[in-house]
Amino acid sequence: MTERKEKYARVSELPSNSGQIVRVRGWVTHVRSSGKVAFAVIRDGTGIFQAVFVKNSVSPETAIYFVPERRLQRRVLARLIRRGVIVQTEPDTYYIDVPAYDHWRRHMRRRAALLIGGVGVLAAIAGLLA
């Protein structure tokens, strides 16, 4: 497979790159689906944008080429592959499983809520004992 070099762009630069293939370094804040369409909200330090996916556009046939350049990217990618959120179709080619991502994000939010709730309970008990 030949390596494709896409241009990196910040979210704030996306309007000036209309019609071009660019890569955005950011994080997906949430994904929601509505029937045949899925929406991913993506942000970086300069702004937020929403990507729209037709249900059948996220599949092995539309997988993208990606080579992690940093150690952190490799670790996060490996973790998401283990959890089934990102599917590897061939070496350095991946696609996101939107329902699995939705499930994973809900699970992570529940864990955070339980942690925050537990800290609140401990703070209340400490306040009563003081």
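The values are calculated or read from the model by the stated rules, or taken from the named source; none is laboratory data. For clarity, every value in this text was computed on a predicted model and none was experimentally measured. Heads up, the Cβs are rebuilt from the backbone with ideal geometry, glycines too, and the neighbour counts pull from every protein chain shown.
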Notebook entry, point to check: Does Arg43 count as at pLDDT below 80, farther than 15 Å from Tyr94 by Cα and in contact with a helix residue (DSSP H, G or I) (Cβ under 9 Å, 6 or more places away or on another chain)?
Noted result: no
Next item on the list: May I ask you to verify whether Val58 is at pLDDT 80 or above, closer than 23 Å to Tyr8 by Cα and surrounded by 12 or more Cβ atoms within 10 Å (Cβ to Cβ)?
Entry: no
Check: Does segment 21-30 contain at least one residue that is at pLDDT below 80 and within 12 Å of the chain's Cα centre (by Cα)?
Finding: yes
Check: Hey, does segment 73-87 have a residue that's over 21 Å from Lys7 (Cβ atoms) and loosely packed, with under 11 Cβ neighbours inside 10 Å?
Finding: yes
Next item on the list: Give me a count of the residues in segment 81-103 that are in a helix (DSSP H, G or I) and in contact (Cβ under 8 Å) with a residue 24 or more places away in the chain.
Entry: 4
Note to self: Can you tell me which of (1) outside any strand (DSSP E or B); (2) exposed (fewer than 10 other Cβ atoms within 10 Å of the Cβ); (3) at negative phi is the one Gly19 doesn't meet?
What the structure shows: (3)
Check: Right, Phe49: at pLDDT 85 or above and assigned to a strand (DSSP E or B) or not?
Finding: yes
